[in-house]
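**Q** One structure, pasted below without further comment.
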Amino acid sequence: MHKIIPRAQDYPWGSTRWIPEFLGLPAPDEKPWAELWYGAHPRAPSLLEEKGIDLLQWISRDPELILGSKVVNTFGPQLPFLLKLLAAAEPLSIQCHPSLLQAQEGFQRENQLGIPLDSPFRNYKDPNHKPEIILALSPFTALCGFRSSSTILHQFKRVVPILPGLTAFFPLLERANIEEFFRSLFTLPRDTIRSWIHTYRTHLREKPDHSTPEDRWFSLLSSLYPEDPGCFSPYYLNLVELSPGEALYLDSGVLHAYLHGFGIELMANSDNVLRGGLTSKYVDLEELLKVGRFKEEIPRVIRPERKRIPLVGGELWEELYPVPIMEFHLSVFRIHEVKDQILLPVSGPAILLCGEGVWELKGESGYKPILLKRGEGCFLDATLSKIQLSGKKAGSESGWIVQARVGFDG
């Protein structure tokens, strides 16, 4: 049981206030905090507060002991998930992630071609897939998966009086050929795309009272990427609005983009991204067409399954967010009116992230107690079989703690 120090990422789309406010820190001189990583990803592993090394180095000393033999036999000598705080003040790029087989084949292929791992033209940074889940802590907006071809056609018919050139896509959409529609859109001459975006954005600016949510997102995206065909994505991808406490699961191949909001993200421990618009970075259209799922998708919005845990002298609920993979499992412990120490039903390897309150965690004999406040996390290894939890100051009798662990026991 070890307290960990997360690593910050200051991507331009981040927020100057959401993560610092969550941590109780002053804003960092206008520098955007986009993500805070809790885990053992090679690019930014968390530090072990009392050990002077990072979590990746610690695990490498004895993976079987720290992770357990079942985890090592299934995923290799690595922590198979990465937990993040994510603050999207501006939209992220449209992207999708490969399946496990696609990642293995792509990683080997690019290695054989001699493409450096840090090359901007590299698609596969590792041989792993990257399913993920985002749990909203604020109202959260995302794009997720293709709408039906009939819905895309309906959306474009609204726009055609202003952009008659869109009729060129109608035959493809009438035949439900979403892949060829996407290819055709993304291979249009750049001058054509720029002209269409400018024309429709000007129209919307002149008639704001008639705009839809799709129109409003088009206007924002076009102000950021005035030559990018991804500006039309609100018309062909599902627009998803999450309330706090709701989550969105994203499987391999599903095109998606986080547009705005603050949340907790949990994913397989991978950095494989294929981009599909709203970016100045490399877009490999042919590889995207091989990996992406170009069919109608129904977004997998997850509302938690609540399970009451019997407790004397208090109340403890676990909110479960089930996903169909083994790399990770996400749940939130909601704690109310705790008068004494309680037994927390956790098992390692896992990461706990404090969301509210100030809590003391005690493991078995030989483990040093850990104090957690909001935004702080700890790593539990596979040797732990029980954790005792107690509130440490007034106002800490209620709160919540996120648990990220593998998707199976033992």
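**Q** So, in region 275-287, how many residues would count as being buried (at least 22 other Cβ atoms within 10 Å of the Cβ) and over 16 Å from Asp228 (Cα atoms)?
**A** 0
**Q** Follow-up question, since we're still on this one. Lys290 - would you say it is under 26 Å from Ile178 (Cα atoms), assigned to a helix (DSSP H, G or I) and touching a residue at least 24 places away in the same chain (Cβ under 8 Å)?
**A** Taking the combined requirement at face value, the residue satisfies it.
**Q** In region 166-183, what count of residues is obtained for those that are part of a helix (DSSP H, G or I) and surrounded by 14 or more Cβ atoms within 10 Å (Cβ to Cβ)?
**A** Within region 166-183, the subset part of a helix (DSSP H, G or I) is 166-174, 178-183.
Filter once more, so that each one left must be surrounded by 14 or more Cβ atoms within 10 Å (Cβ to Cβ): 166, 169-170, 172-173, 178-183.
The qualifying residues number 11.
**Q** On to the next question. Look through Gly114, Gly145 and report the one residue that is of a type outside the set (Asp, Glu), assigned to a strand (DSSP E or B) and at positive phi.
**A** Exactly one of Gly114, Gly145 is of a type outside the set (Asp, Glu), assigned to a strand (DSSP E or B) and at positive phi, namely Gly145.
**Q** Here's another thing I want to ask about it. Looking at Asp271 and the list (1) over 30 Å from Pro77 (Cα atoms); (2) modelled with pLDDT under 95; (3) surrounded by fewer than 19 Cβ atoms within 10 Å (Cβ to Cβ); (4) not β-branched (Val, Ile, Thr), which single condition is not satisfied?
**A** (1)
**Q** Output yes when any residue across region 20-31 is closer than 21 Å to Val273 by Cβ and either without any contact (Cβ under 8 Å) to a residue 60 or more places away in the chain or part of a helix (DSSP H, G or I) (or both), and no when none is.
**A** no
**Q** Moving on. Can you tell me how many residues in region 79-119 are under 30 Å from Pro20 (Cα atoms) and either modelled with pLDDT under 95 or among the aromatic types (Phe, Trp, Tyr) (or both)?
**A** Total meeting the criteria: 2.
**Q** Count, please, the residues in region 233-256 that happen to be in contact with a helix residue (DSSP H, G or I) (Cβ under 7 Å, 6 or more places away or on another chain) and hydrophobic (A, V, I, L, M, F, W, C). Show your work before the answer.
**A** In the first step, residues of region 233-256 are kept if they are in contact with a helix residue (DSSP H, G or I) (Cβ under 7 Å, 6 or more places away or on another chain); the result is 234-236, 239, 253.
Keeping just the survivors that are hydrophobic (A, V, I, L, M, F, W, C) gives 239.
Adding up the residues that qualify gives 1.
**Q** So in region 189-199, with the set limited to residues that are crowded, with 17+ Cβ neighbours inside 10 Å and over 29 Å from the mean Cα position of the chain (by Cα), which one is farthest from Ser219 (Cα to Cα)?
**A** Within region 189-199, the match that is farthest from Ser219 (Cα to Cα) is Ile193.
**Q** Turning to a different aspect of this structure: When you go through Ile335, Ile264, Ile342 one by one, which is the residue that is in contact with an Asp or Glu (Cβ under 8 Å, 6 or more places away or on another chain) and of a type in the set (A, V, I, L, M)? Working first, answer last.
**A** On the way: Ile264 fails: in contact with an Asp or Glu (Cβ under 8 Å, 6 or more places away or on another chain); Ile342 fails: in contact with an Asp or Glu (Cβ under 8 Å, 6 or more places away or on another chain).
On inspection, the qualifying residue turns out to be Ile335.
**Q** Only one residue in Leu285, Leu289, Leu259 is in the same structural domain as Leu137 (by TED's automatic domain parsing), more than 30 Å from Val71 (Cβ to Cβ) and in contact with a Phe, Trp or Tyr (Cβ under 6 Å, 6 or more places away or on another chain), so which one is that?
**A** Just one listed residue meets the conditions, Leu285.
**Q** Condition first: among the polar types (S, T, N, Q) and touching a residue at least 40 places away in the same chain (Cβ under 8 Å). Now tell me which residues in region 213-242 satisfy that. Spell out the reasoning first.
**A** Going through region 213-242, the residues among the polar types (S, T, N, Q) turn out to be 219, 222-223, 233, 238.
Selection gives Ser233, Asn238.
**Q** Would you pick out the residues in region 35-72 that are more than 13 Å from Pro6 (Cβ to Cβ), in contact with a Ser or Thr (Cβ under 9 Å, 6 or more places away or on another chain) and part of a loop (DSSP other than H, G, I, E, B)?
**A** Result: Gly68, single match.
**Q** Among residues belonging to region 293-312 that are assigned to a loop (DSSP other than H, G, I, E, B) and surrounded by fewer than 16 Cβ atoms within 10 Å (Cβ to Cβ), point out the one that is modelled with the lowest pLDDT.
**A** Val312
**Q** Anything in region 51-101 that is of a type in the set (Lys, Arg) and without any contact (Cβ under 8 Å) to a residue 12 or more places away in the chain? List them, or say none.
**A** First, the residues of region 51-101 that are of a type in the set (Lys, Arg): 51, 61, 70, 84.
Listed by number, the list holds a single entry, Arg61.
The values are calculated or read from the model by the stated rules, or taken from the named source; none is laboratory data. As the structure is a prediction and not an experimental result, all values here were calculated from the model. Reconstructed Cβ throughout: ideal geometry from the backbone, glycine too, with neighbour counts over all protein chains shown.
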